[in-house]
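Colleague: To start, I am sharing the structure in question, which I have written as structure tokens.
The values are calculated or read from the model by the stated rules, or taken from the named source; none is laboratory data. Treat the numbers as computed from the prediction; the structure is a model and nothing was measured. Cβ atoms come from the backbone with ideal geometry, glycine included; neighbour counts cover every protein chain shown.
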Amino acid sequence: MTAEASQAGSHGDRAADGERPLRIALLTYKGNPFCGGQGVYTRHLSRELARLGHRVEVIGSQPYPVLDEGLPRLTLTELPSLDLYRSPDPFRTPRRDEYRDWIDAVEVATMWTGGFPEPLTFSLRAGRLLRARRGDFDVVHDNQTLGYGLLGDVGAPLVTTVHHPITVDRQLELDAAVGWKQRLSKRRWYAFTRMQRRVARRLPSLLTVSGTSRQEIIDHLGVRGDRVHVVHIGADTDLFSPDPAVPVVPGRIVTTSSADVPLKGLVHLVEALAEVRAAHPAAHLVVVGKRPTEGPVAQAVERHGLGGAVEFVKGITDAELVDLVRSAEAACVPSLYEGFSLPAAEAMATGTPLVATTGGAIPEVAGRDEETCLAVPPGDPAPLAAALVRLLGDASLRARLGRAGRERVLTHFTWARAAEGTVARYREAIADAAAAEGRTGPVRGGPAPAGRPAPVRSGGELAGDGGGIVRSGGEPARDGAGVVRSGGEPARDGGEIVRSGGESARDSAGVVRAGAEPVRADADAEPNPESRATC
């Protein structure tokens, strides 16, 4: 990357910071904005980056990101996978004619053996695309893929966001697993975290969303602290805002939980609700997410006879979600751990009083107990129930916490501020890359020199030779334009299988679509594009 390339753009065109606008590639391997933080992050950050005057091309796989409309500087490039986890046929086996190249074979083989392939396979496809389009971007921003395919030269300086290390989710899942078979299954599913640790240690610049996540990245991934920078994300404070015209429903508690996993702590909230109803018989819980048919949450609902007091909603629009939160007497975040907690910020932005645990980074968002929220320890239904009983019974406390929560979000957690902070890190990464061009050899801990993509060896170690090689059986093979092939035995890296039958890989540059066009969020279903809970 040359200094001239970093200054690309019209001399008369300026971004909001007074500098020339940047051409940004924003990558996301799972972009659904209706469940999971990656899609929400991609949608709102891309919008605000475009509003600041930059050109943003989101490169995403299924479920494809949904971008805000009416922004000419914002486009979507679809980089298709095999979409193996799509609804209504997750863990499907593709037809023979669906296979396009060896990366597709890797994706299926990893799924068949119980692993999660998407971070690896998306990184390989994205890396190939970026190298073929060298010179199109000033900076590449990876949204938590942390895959081998993004190591080395990807045509522009790389900045990576890690919301929190997935090793945290892995440990919580293992702690909750019953029996050796379930533990073995969880270990296999999360085998990709070994790759993510290795990749993270080689990256020169990591962004994260909270101080807690920063420390987790240092501790869990072994990244040096001077490479990890905090840029807080936030809520859409125009959308998530108070509205006195929306009637408050007595006893209503609202929470967001996209999956019945230990990390979200929903089972503890259900347990607490049974106690709350003893003091407030009208108390009921509305969960934004899919109703589980089995597992701890379903069992707790049945055990306490709460079938009529716990409602699950999905497929609602953003406007419907906001009105739902506004209608609650209390919002609750019962998570054992969060790297940030968008639901907390969004609830506070509406002026709805919050009860939240102190798990992970939640206190950074929710603030101090008694000042902007009621804070309770994670994983314990008793204090959670006590806080909810208190809040439901004290209107003045609800009003005070609601006002203070809204003010906290406006001061610290908006997407506009997040975009400004992210652009500052982009410019630092571009300047560092330009300064490094005069050096001989790779910077320690940074990317490989230009033109020498980092390969992957069988056994999972990073190979020292260049050329974009993925070794398998020890025989390297190159296939122009950064395409990686192998003709030997499959290579395995803690569950990330890399294989090829030697066929030439077919590469597509992806389909570029304007942000103003409708974008499907699911390969089969047609949910409302504003929906926030389709999973």
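Colleague: Criterion first (within 22 Å of the chain's Cα centre (by Cα) and buried (at least 21 other Cβ atoms within 10 Å of the Cβ)) does VAL223 satisfy it?
Modeller: yes
Colleague: Another question about this same structure. If VAL140 passes every condition in (1) assigned to a helix (DSSP H, G or I); (2) of a type outside the set (Phe, Trp, Tyr); (3) modelled with pLDDT of 95 or more but one, which one does it miss?
Modeller: Evaluating VAL140 over (1) assigned to a helix (DSSP H, G or I); (2) of a type outside the set (Phe, Trp, Tyr); (3) modelled with pLDDT of 95 or more leaves (1) as the failure.
Colleague: In contact (Cβ under 8 Å) with a residue 24 or more places away in the chain, among the hydrophobic types (A, V, I, L, M, F, W, C) and crowded, with 18+ Cβ neighbours inside 10 Å, is that true of ALA298?
Modeller: No.
Colleague: Just name the residue that is surrounded by the most Cβ atoms within 10 Å (Cβ to Cβ) out of those in region 14-37 that are at negative phi and modelled with pLDDT under 85.
Modeller: Among those residues, the one meeting the criterion is GLY31.
Colleague: Then there's this: Checking LEU206 against (1) farther than 22 Å from VAL325 by Cβ; (2) within 26 Å of the chain's Cα centre (by Cα); (3) free of Cβ contacts under 8 Å to residues at least 60 places away in the same chain; (4) outside the structural domain of LEU174 (by TED's automatic domain parsing), only one condition comes out false. Which one?
Modeller: The number of the failed condition is (4).
Colleague: Go through region 57-86 and count every residue that is part of a loop (DSSP other than H, G, I, E, B) and over 23 Å from ARG100 (Cβ atoms).
Modeller: 8
Colleague: Considering only residues that are touching a strand residue (DSSP E or B) at 6+ places or on another chain (Cβ under 7 Å) and β-branched (Val, Ile, Thr), look in region 279-293 and name the one that is surrounded by the most Cβ atoms within 10 Å (Cβ to Cβ).
Modeller: VAL287
Colleague: Ok, one more. Being of a type outside the set (Gly, Ala, Ser), buried (at least 16 other Cβ atoms within 10 Å of the Cβ), in contact with a strand residue (DSSP E or B) (Cβ under 9 Å, 6 or more places away or on another chain) and modelled with pLDDT under 95: is that true of ASP236 here?
Modeller: yes
Colleague: For LEU410, indicate whether it is under 19 Å from ALA345 (Cα atoms) and touching a Leu at 6+ places or on another chain (Cβ under 7 Å).
Modeller: No, not satisfied.
Colleague: When region 104-142 is examined, which residues are found to be farther than 15 Å from ILE59 by Cβ and either more than 22 Å from the chain's Cα centre (by Cα) or among the β-branched types (Val, Ile, Thr) (or both)?
Modeller: Those that are farther than 15 Å from ILE59 by Cβ and either more than 22 Å from the chain's Cα centre (by Cα) or among the β-branched types (Val, Ile, Thr) (or both): ASP104, ALA105, VAL106, VAL108, ALA109, THR110, TRP112, THR113, GLY135.
Colleague: I'm told ILE218 meets every condition in (1) over 18 Å from the mean Cα position of the chain (by Cα); (2) aliphatic (A, V, I, L, M); (3) buried (at least 20 other Cβ atoms within 10 Å of the Cβ); (4) outside any loop (DSSP other than H, G, I, E, B) except one. Can you identify the failing condition by its number?
Modeller: (3)
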